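Scroll down for the structure; my scribbles are underneath it.
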Amino acid sequence: MTVHLEVAEGVGTLRLDRPPMNALDVATQDRLKELAEEITRREDVRAVVIHGGEKVFAAGADIKEMQVMDHAAMIARSCALQDSFTAVARIPKPVVAAVTGYALGGGCELALCADFRIAGENAKLGQPEILLGLIPGAGGTQRLSRLIGPSKAKDLIFTGRQVKADEALALGLVDRVVPAAEVYEQAHAWAARLAKGPAIALRAAKEAIDTGLETDIETGLAVERNWFAGLFATEDRERGMRSFVEEGPGKATFL
């Protein structure tokens, strides 16, 4: 298998394992979708880390595999490609990408599917598809522009240039830069903290934010309102408010 799922103490780690560069071939894409759907179903996974290892996150698609595909073959495959990444983006739990080394093309697009991105000082990110006479096909034109804005996204996509970790941080492409040796540790700590949080409320927050970004504000507010009211039926809400009244803020524990 080219992607593994490891679960411990509520945190699931999706670990890419296709050396040397974790090229995202068809089998890896399909495996990502399979595991994303499994994570969505599993109650013992409450937060997720996507990790490619100490040296590289993912250096993009398998170009040799793609080279032999004609127009008809890619029409058939492109939907499955996007579905794989969308399955990761729609995991209804907090997801953090732990980015070391290259995250290019499909690798950058995979990182964009996370809610938060922690990059090593050695990270290089980009969408170089234009240099192959292509454009991003796994969500890059959409998720990148929503994250950093259309002008900055167009700069990266039009030029195909790679950005180092410090520039990625300034662009908003990553959220934190740390020494490369600490990337997974810090990403896991982020996920572990949220794994102890109120699962239904976290799901609600993610859905409200993501849905709001894809629609008009009135629809987004309706989603927020429905979730907000609905959470008053949960045990987590009872625990949180009771703890606040009896012990003060920030001391509630959730099941």
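The values are calculated or read from the model by the stated rules, or taken from the named source; none is laboratory data. Quantities reported herein were computed from a predicted structural model and do not represent experimental measurements. Quick reminder, even Gly has a Cβ in these numbers, built from the backbone with ideal geometry, and neighbours come from all protein chains shown. Each accessible area value is taken on the protein alone, full model and side chains, heavy atoms only, with ligands, DNA and RNA left out. Shrake-Rupley method; radii C 1.70, N 1.55, O 1.52, S 1.80 Å.
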Q.
Exactly one condition in (1) more than 21 Å from Asn22 (Cα to Cα); (2) of a type in the set (Val, Ile, Thr); (3) out of contact with any Gly (no Cβ under 7 Å at 6 or more places or on another chain) is false for Val88; which is it?
A. (1)
Q: Take the residues in the stretch 150-184 that are under 13 Å from Gly126 (Cα atoms) and β-branched (Val, Ile, Thr), then tell me which one is surrounded by the most Cβ atoms within 10 Å (Cβ to Cβ).
A: Val174
**Q.** Matching residues in the stretch 209-255 - criterion: being within 30 Å of Gln142 (Cα to Cα) and among the acidic types (Asp, Glu)
**A.** Asp210, Glu214, Asp216, Glu218, Glu224
**Q.** Hits in the stretch 89-105 (condition: more than 13 Å from Val48 (Cβ to Cβ) and open to solvent by less than 10 Å² (accessible area, probe 1.4 Å))
**A.** Val99, Thr100, Gly101, Ala103, Gly105
Q: Just one of (1) open to solvent by less than 50 Å² (accessible area, probe 1.4 Å); (2) touching a helix residue (DSSP H, G or I) at 6+ places or on another chain (Cβ under 9 Å); (3) in the same structural domain as Val88 (by the TED database) trips up Ala187, so point out which.
A: (2)
Q: Just one of (1) of a type outside the set (A, V, I, L, M); (2) under 24 Å from Ala205 (Cβ atoms); (3) surrounded by fewer than 23 Cβ atoms within 10 Å (Cβ to Cβ) trips up Asp83, so point out which.
A: (2)
Q | Ala222 being over 29 Å from Asp44 (Cβ atoms) and either open to solvent by 60 Å² or more (accessible area, probe 1.4 Å) or part of a helix (DSSP H, G or I) (or both) | A | yes
Q. With (1) open to solvent by 70 Å² or more (accessible area, probe 1.4 Å); (2) assigned to a helix (DSSP H, G or I); (3) assigned by the TED database to the domain that holds Gly12; (4) within 19 Å of Leu112 (Cβ to Cβ) as the list, and Ile135 as the residue in question, which single condition is left unmet?
A. (2)
Q.
Just the residues that are of a type in the set (Val, Ile, Thr) and either surrounded by fewer than 17 Cβ atoms within 10 Å (Cβ to Cβ) or not in a helix (DSSP H, G or I) (or both), please, taken from the stretch 194-219.
A. Ile209, Thr211, Thr215, Ile217, Thr219
(Q) Can you go through Leu231, Leu255 and tell me which one is without any contact (Cβ under 8 Å) to a residue 60 or more places away in the chain, outside any helix (DSSP H, G or I), outside the structural domain of Ala47 (by the TED database) and farther than 16 Å from Ile118 by Cα? (A) Leu255
Q. Within the set of pairs 6 or more residues apart or between chains, which connect a residue that is in the same structural domain as Lys64 (by the TED database) and surrounded by fewer than 22 Cβ atoms within 10 Å (Cβ to Cβ) inside the stretch 12-27 to a residue that is modelled with pLDDT under 95 and among the small types (Gly, Ala, Ser) with Cβ atoms less than 7 Å apart?
A. Met21/Ala59
Q) Quick one: would you say Gly140 is open to solvent by less than 20 Å² (accessible area, probe 1.4 Å), closer than 24 Å to Ala187 by Cα and either in the same structural domain as Trp227 (by the TED database) or among the small types (Gly, Ala, Ser) (or both)? A) yes
